[in-house]
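FYI, it's all coordinate maths here, none of it is from the lab. Small disclaimer: the values here were computed from a predicted structure and weren't measured. Note: ideal-geometry Cβ built from the backbone for every residue, glycine included; neighbour counts use all protein chains shown.
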Amino acid sequence: MSIEPLRIRILNEYPRPLRIFAAVASSLLLLALTVEFISKFILRWGRPYSSPLLYEYFPDIVSLRPRFTHFHTLAFFTDLKDPLCMYPAPIAVLYRFFFLFRPYDLVIFLTFILVSFLIAAVLFGRALIARGLSRKATIMLLSAAYVTSYPLWFEIKQANMEICVWLVVSLGVWAFFEDLSYIAAICFGIAGGMKIFPFVFLGLLLARRQYRAFTVGFVVAALIQPPSLWLVYPHVAESLRLNNQAIAKFRSIEMLQIHPETGSDHSIFGIIKTLLYRHLQSAGLDPILTAYLPLAALAGFILYFVRIRKLPVLNQVLSLCIASILLPPTSFDYTLIHLYVPWALLVIFALIAKQSGREYKGLVEAFVCFAILFVPETEFIYRHQSHGGQIKALVLIALFFIALKYPFPVEEWDAKLASQA
């Protein structure tokens, strides 16, 4: 058999929305790489005219190494020489775990990221093959997903603990689909204890009227705080106070300032800050941020009860995931790894739709949005500031609208989960 017919046969296995996704993602990636090559090797331009993947390697884990020599002591908070750890206590404990393996902590952590995604890819590949996709077509799809996976490469480049939050949330979504409601609640609670916004995934349980499991999620989040705070500094009340002070500094240092890394901030507030910063500076933005936080929470609350909880489960997962990475006042590009779970579910949905011969409004548009979100847009520069994150924020808003407007029903999922209510 010639190569050309084999290639065409494999491509024909993919649903049309998935072929469009691959074409858009590969085209945008090629454009980005071309611009990066010209900027770096021909024009010899530096930041911001070069990709963030080309500078400042592994800053999150490397910069915190000195700080964690004081772990479990007061100096962890009071040392003035080293960068401050501005994370909740459970995240600090995770950093400490990997620092136990010094001087191989970075290698072990990066291996952990790659192995985690490799296992996820294998499990996803098995699901695709079970849905009728051939092994060759599955390998091609997964390979293309890895090559165009800017959020994954950004996570590796930053060496950020978002990978642990992603793993726990992903496990929770899997448990939810397997009717393991309490395990799902525990996972969402742990993730919410690490960062606040994964709590939105408890909305999956609330929509099924699983109120006990819903409550368990919050209880678990509360229970992991005292031991985490004690591990950071063995006086829990004082550790809580000092940890809150450290987190508050993140507000003034990151949320209210414009930095080069603002170009990878895809939050709604990131758009607001970019538009207003030249006119208001950080002092003027502070009351806007104070108002934004409850307004974003209220908007999410209203959208959930008015629309999200009534949608098919795939739409619920997609919309809640987008809310968790779009509504926080700061959300850098490594948080986009959370989109891979709803993307995988949407790929399966597209295969089901192809097999049934049905077409669904919004499906092609959703995959185009994913293609844009999964490749870099850091080359969009205005006034010497990259705005790739703000472009992604606009695309996330569009994808959120698609998830709210166009139902993507999967009968076997919706019927099974409806029976749990």
Rounded if a/c is under 1.5, else prolate if a/b beats b/c, else oblate: with a ≥ b ≥ c from the C-alpha gyration tensor eigenvalues square-rooted, which is the range 280-336?
-> oblate
By the Cα gyration tensor axes a ≥ b ≥ c (a/c under 1.5 gives rounded; else a/b larger than b/c gives prolate, otherwise oblate), the shape of the range 333-404 is prolate
Rounded if a/c is under 1.5, else prolate if a/b beats b/c, else oblate: with a ≥ b ≥ c from the C-alpha gyration tensor eigenvalues square-rooted, which is the range 33-106?
-> prolate
Scan (i) 22.7; (ii) 23.4; (iii) 24.8 for the value of Kirkwood radius over Cα pairs in Å calculated from this model and give just the label.
-> (i)
Inter-label distance for S143 and H279, nm, one decimal - labels placed 7 Å from Cα along Cα-to-Cβ | 5.1
Work out how much length W230 to L33 would gain on full extension: take 0.36 nm times their residue separation and subtract the Cα-Cα distance, in nm to one decimal.
-> 66.3 nm
Given a Förster distance of 35 angstrom, what is the FRET efficiency for Q245 paired with E56, based on the Cβ-Cβ distance and rounded to 0.05?
-> 0.85
Per DSSP, the loop-located chymotrypsin sites (Phe, Trp or Tyr not before Pro) within the range 71-121 having at most 13 other beta carbons within 10 Å are F101, Y104
Can you list which of the GluC sites (Glu not before Pro) found in the range 126-196 are DSSP loop residues with at most 14 other C-beta atoms within 10 Å?
-> E178
Relative to the present Cα-Cα distance, how much length would full extension add between R102 and D79 at 0.36 nm per residue of separation?
-> 6.2 nm
Could you give me the ³J(HN,Hα) list for the range 93-110, computed from phi with Karplus coefficients 6.51, -1.76, 1.60 and θ = phi - 60°, whole Hz, x at Gly and Pro?
-> 5, 5, 4, 4, 4, 6, 5, 5, 9, 4, x, 9, 4, 5, 4, 5, 5, 5
At R309 and L394, where each label point lies 7 Å from the Cα along Cα→Cβ, what is the point-to-point distance in nanometres?
-> 3.4
Residue order, fewest to most surrounding Cβ atoms within 10 angstrom, among T69, T78, T138 = T78, T69, T138
Using only C-alpha positions, report the orientation-averaged shadow area of the convex hull of the range 10-168, nm², one decimal.
-> 12.3
The answer for trypsin sites (Lys or Arg not before Pro) in the range 285-391 that fall in a DSSP coil and have at most 10 neighbouring Cβ atoms within 10 Å is R358, R383
Please find the FRET efficiency linking F41 to F218, where r is the Cβ-Cβ separation and R0 is fixed at 60 Å, and quote it to the nearest 0.05.
-> 0.70
What is the calculated FRET efficiency for R19 to R126, with r their C-beta to C-beta distance and R₀ = 25 Å, to the nearest 0.05?
-> 0.70
Using helices alone, what [θ] at 222 nm do you get for the chain, with -39,500 (n - 2.57) per DSSP H run of 4 or more residues, divided over all residues and rounded to the nearest 500?
-> -21500 deg cm²/dmol
